[in-house]
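Okay, structure first, notes after.
The values are calculated or read from the model by the stated rules, or taken from the named source; none is laboratory data. This one's a predicted model, so the numbers in the text were calculated from it and none came from an experiment. As a convention, Cβ positions derive from the backbone with ideal geometry for all residues, glycine included, and neighbour counts pool all protein chains shown.
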Amino acid sequence: MSERIFSNSDVERILRNAISNNNGSSSGITESELFKIASELGISRDKVAKAINEDHDHIAYLEARKMWISKRHGEFYQHLTAYFIVNTMLVGLDWFLNGPGLEWAYWPVFGWGIGLAIDFVDSFFPNEEKIDKGAKKMMKSKKWKDLFENLGFSFLEGLQKK
């Protein structure tokens, strides 16, 4: 009887299932164990290091997307707060100067309200292109690099040198 042959997707699915069914006996594997397993499967150390870097980059990109969306939501709420504070003062000033009823304050409330509505749509329903562009811009910033170095992701630089 011939030995059964598994496709790459079968191997990936089976190993993923085996790892998840490990009953929590291990919290993971070390980098050296990962390299050893890959070596036994005939995968070079360079390819594993490259895959680790790509995985890190993908995780960092997904984090940047979440942070960018969260940042946009925060900016909208700042805009909304300014809208209410300033327009409350304008309506109060209009009422104080002209008595009950609005003579002119509805114009800034209405005009700024249109801009606020556009900002709402842009903040809470951005298209994928905007999210992608914002995430990539965020990842290029020095603050982003410092954040990930502080979280311990600098180990990847060591892998690239090996």
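Criterion applied to Ser27, Ser9 was being in a helix (DSSP H, G or I), out of contact with any strand residue (DSSP E or B) (no Cβ under 8 Å at 6 or more places or on another chain) and surrounded by fewer than 10 Cβ atoms within 10 Å (Cβ to Cβ), and the one residue passing it is Ser9. Would you confirm, using the coordinates I've provided, whether Tyr61 is assigned to a helix (DSSP H, G or I) and touching a Gly at 6+ places or on another chain (Cβ under 8 Å)? For Tyr61, the condition - assigned to a helix (DSSP H, G or I) and touching a Gly at 6+ places or on another chain (Cβ under 8 Å) - is not met. Looking at the range 46-61, can you tell me whether even one residue there is in the same structural domain as Lys145 (by TED's automatic domain parsing), more than 28 Å from Asp132 (Cα to Cα) and in contact with a helix residue (DSSP H, G or I) (Cβ under 6 Å, 6 or more places away or on another chain)? No, the conditions are met nowhere in the range 46-61. For the range 100-111, the count of residues that are under 27 Å from Met139 (Cβ atoms), surrounded by 15 or more Cβ atoms within 10 Å (Cβ to Cβ) and not acidic (Asp, Glu) is zero. Among all residue pairs at least 6 apart or on different chains, which show Cβ distances below 9 Å where the first residue, located in the range 81-102, is at negative phi and the second is of a type in the set (Ser, Thr, Tyr) and at pLDDT below 95? Final answer for the pair search is Val91/Tyr106; Asp94/Tyr106. When you look at Ile52, is it more than 29 Å from the chain's Cα centre (by Cα) and either under 30 Å from Val11 (Cβ atoms) or not in a helix (DSSP H, G or I) (or both), yes or no? It is false that Ile52 is more than 29 Å from the chain's Cα centre (by Cα) and either under 30 Å from Val11 (Cβ atoms) or not in a helix (DSSP H, G or I) (or both). Taken across the range 64-77, residues that are assigned by TED's automatic domain parsing to the domain that holds Glu128, farther than 30 Å from Gly101 by Cα, touching a residue at least 40 places away in the same chain (Cβ under 8 Å) and aromatic (Phe, Trp, Tyr) do occur, with at least one present.
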